[in-house]
Every structure is written in C-alpha cells, then in structure tokens.
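Read the structure below first, then the notes.
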Amino acid sequence: MHHVIIGAGPAGVIAAETLHKRDPGARITLIGDEPEPPYSRMAIPYYLIDRIDERGTYLRKTEGHFERIATTVVHDHVESVSTADKTLKLASGGTMDYDRLLVASGSRAVIPPIEGIDLPGVHACWTLEDARHILKLASPGARVVLVGAGFIGSIILEALASRRVDLSVVEMENRMVSRMMNERCGGLITQWCESKGVKVHTSARVASIEPASGAGGLVVTLEGGETLPADLVIRATGVTPNTEFLAGSGIDTDNGVLVNEHLQTSQPDVYAAGDVARGKDFSTGEYSVLAIQPTAADHGRIAASNMVTSGSSLHQGSVAMNVLDTLGLIAASYGAWQGVKGGDCAELSDPARYRYLNLQFEDDVLVGANSLGLTQHVGVLRGLIQARLHLGKWKQRLVQDPTRIMEAYLSATQGSA
C-alpha cells in the first residue's frame, strides 16, 4: 500500500506518523513544495524575535525521524491529480502513483489588489523565506507598515514590536481581530496597542504603495489620502486554500476541499485535512475551513486512520478556539462567540484594567465566549463548550457574575447544576 500526502505541514506530518502506526508495512510519501524540512508556520514569530533559529521551526527535530516512520519526504510541487488512474503530476516533470491520497496542501497568503503590492520591500509573513526577508529589513527603528490586523497580523505585530521597529498598522475593519473578537473586546486590544506606541489605523484601506523619492524606501497611501513612510511593508490580509491543482480531478472543492464526517472527499480513496479541508465545525454543525493548528492536527490523525481502516474514525467537529498574546495582553475566543439566534449572553467589562469577558448561551448551555486579560478561564471555557454541559441554575448566576465560571464548571461536571 502506498499512501501519498500532499502537504508537509502539521496535518501532513501527523498523518504520516499515524499511517505508520496503523499500517506499519505501508510505504508513505510526504510531498512539500518548500525546500525546508517540514516546519510550523506558527513558529515563525518566535524566529523573528530570535527566540529560536530556523531549526527551531521544524515540526520534528530528531535526525532520521521520517526514515524511522517509513516516510519519504519529497520537495516538489503537485501540478495536478488524476483520480482515474491514481497518479500525481509533479512540477519536476515526473509522476507518482498512489493507493490512498491525503490532500493537506494548506493555504497561502492572499495578495490584495493594491497598486505596488509587488514592489521590493513588500512581503507576506507566511513562509520561512518571507521571514528571512523581514529579518533583513525589520531592524530597530525601521519604519514598518503592517497591512491587516487579524489573527495572523496580530501575531506578526507582537514579533515586530519586539524588534523595536517604528510600527504602523492598517486595518480595514473598525477594530483589530474582528473575526475572533466582538467590537468592545477588539476595541480594547486596539487601545492597548496604541498605549504601547503602535500606530493603529482602523476602518482604513491602503490605496497604493509607491517607491519613495530621494531617500529610498516606500510610501503607503491610504484611501483618505494620508501617507505612511515605510522601509518594509508586510501584508497580512488573509489566506486562501491551495486547491487549484485539483481542477479536473473529480475532487469536489468550494473555497476548500469538500469532505464528509470521515474527512473523505468525493473520491473514495482521497481524503483531506488541515487548512485546505472544509471540515465540520463543532459549534454550528456546518462544514467550513477552520485554519488553526489544533484542527490541522486532529484532521491529520483522523484522516490517516480512515485511510487505513476505511471510515472507522468519526470527526465530531472542531471547536473554534484562538488564543492571542498581543504585547502581553492575552485574548481568546471560543466556539460561537458571536452568539446564536435566540440565545442569551453575560458580559463583564473593565476597560480601565483591560479586562473583559463575554459568555454566549443557548438555553442553559455555554456555546461561545470572548475573554481578555483573564487567562485562568481558558481551559474551563473550552471544556464547558465542548462537553455541551447543562448549567441549570448556574446559567443565571453567570449572567449576574461571569467570573464564577469555575464554580459553574465544577457544579455541572459533578451533576449538581
């Protein structure tokens, strides 16, 4: 049996390890289209602040790890897939046969339609190669414009601030991390960053990027006419799944690869995992791309198990959970943090201390939450949401005082809610 995995990120690596464990005699090939060993993009910010070297980003650091799990790592790009004869066409000119295929090709940084976005000095922060360029330009005092303040952008912001650059952030929404935090919480994060010396432009768009005259560098012009000088511009304007190579393969895609509850695609011997897969969302029951590393890890393990045993492992759904450290202020979102139709909420707001907690309920079940500056609740909030525990009388107590979440959890788990 030859198992082929397209994509050398966390989903692909964990899938390879699971396949070797479940099918020890199988041949496994892991295809990645970057020249480095399999690495974690989430480790790149630590590389940017010199906390680790490039090797520190590698997903498996032990010499000979992939050989020990009977996995051949191939550095190549898959140009197309033929499910009719079970072959892949490679950019190097060759082809490869497979018996079972896992599509874990991940995503790539979006290039926004901005004049000058392709100029030297404008970079994404998505690959190790991107990070190398940023390290050369983001020296202390350098003028850096960060376009985008979503989850990825805010992680990059932390690293840039640690490098003591002169940092400006441009965000089209009215607050930072708008896809993980409500308006009040996102607004507090924005205020926090400004108090630390970061210039944040919300409800703003970049109109163009041009070479600066005379002294060099770049000029970023906003739609309102304001200009920002820059030695480096970083675009963090979102990501999109890598599915183009699947055109004509018979594998159904729609802003990601469509899968069932076993992470199987429309082709029976092909599975998908990670940022490219439209997997089940635990909170909504709907299928969508949930591009976070814990989901990629779960997908890789479950998909690989099903590649060996034909559907024995069920994907119950991923809990949307993001934890973000922004210049020392910890923010987190869980599940259906925006609430559900007909639901109730509880809110605690202490803006002077940058403390915030919002709980979202469906009947007496906690379904989502936002928290800021309250790290003690991280595990408990996820546990309550994932277990769908009925809170009984504790629901009303939490509406009155959301900080009693630990008491509510203990009561619910002991069956006395």
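Read-outs: derived from the displayed coordinates by stated rules, not from any lab. Everything quoted here is computed from the prediction, not taken from an experiment. For neighbour counting, all protein chains shown are included, and Cβ atoms are generated from backbone atoms with ideal geometry for every residue, glycine included.
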Karplus-derived HN-Hα couplings along the range 101-111 (A = 6.51, B = -1.76, C = 1.60, θ = phi - 60°), whole Hz, x at Gly and Pro: 10, 10, 8, 10, 6, x, 9, 9, 5, 6, 9
Normalised alpha carbon radius of gyration of the range 235-279 [divisor 2.2 N^0.38 Å]: 1.18
Modelled FRET efficiency - R0 41 Å, GLU261 with ALA207, Cβ distances, 0.05 increments: 0.35
Highest-first arrangement of 100-112, 165-177, where packing means the average Cβ count within 10 Å: 100-112, 165-177
Whole-angstrom gap from the range 199-273 to the range 2-31, using each part's C-alpha centre: 28
Calculated log₁₀ intensity ratio I(q)/I(0) where the Debye formula runs over C-alpha points of the chain, q = 0.11 Å⁻¹: -0.92
Nearest-20 debye value, the chain charge dipole, Cβ charges on Lys, Arg, Asp, Glu: 1080
Tensor-based shape of the range 1-99 (alpha-carbon gyration tensor, a/c under 1.5 rounded, otherwise prolate or oblate): oblate
Dipole of the chain [Lys/Arg +1, Asp/Glu -1 at C-beta], most positive-end residue of VAL340, VAL239, SER80: VAL340
For the range 328-413: relative contact order, % (alpha-carbon pairs under 8 angstrom, 6 or more apart): 29
Protection proxy ranking of 152-162, 309-319 - average other beta-carbon atoms within 10 Å, highest first: 152-162, 309-319
Solvent-free Debye scattering, log10 I(q)/I(0), computed from the Cα coordinates of the range 269-417 at q = 0.09, 0.17, 0.19, 0.20 Å⁻¹: -0.33, -0.96, -1.11, -1.17
P(r) tail fraction, the range 122-235 - alpha-carbon pairs more than 20 Å apart, %: 38
Per-pair calculated FRET efficiency, R0 = 45 Å: ASP401 and ILE111 via Cβ, rounded to 0.05: 0.45
Percent antiparallel among DSSP beta bridges (both partners in the chain, rounded to 5): 60
Whether the range 166-215 is rounded, prolate or oblate, judged on the alpha carbon gyration tensor where a/c under 1.5 counts as rounded: oblate
Gyration tensor (alpha-carbon) shape descriptor, the range 328-413, a/c threshold 1.5: prolate
The chain: most fluctuating residue of THR190, THR284, THR62 per GNM, C-alpha cutoff 10 Å: THR62
Rounded to 5, the percent of DSSP beta bridges in the range 122-235 classed as antiparallel: 40
Under-5 Å amide H pairs with LEU146, H placed in peptide plane, nonlocal only: SER168, VAL169, VAL170, ILE234
Rel. contact order, % - alpha carbon contacts under 8 angstrom, at least six apart, the chain: 14
Of LYS196/LYS341; LYS196/LYS395; LYS21/LYS86, those spanning more than 28 Å from alpha-carbon to alpha-carbon: LYS196/LYS341; LYS196/LYS395
222 nm mean residue ellipticity, helices alone, for the chain (DSSP H n ≥ 4; -39,500 (n - 2.57); rounded to 500): -7000 deg cm²/dmol
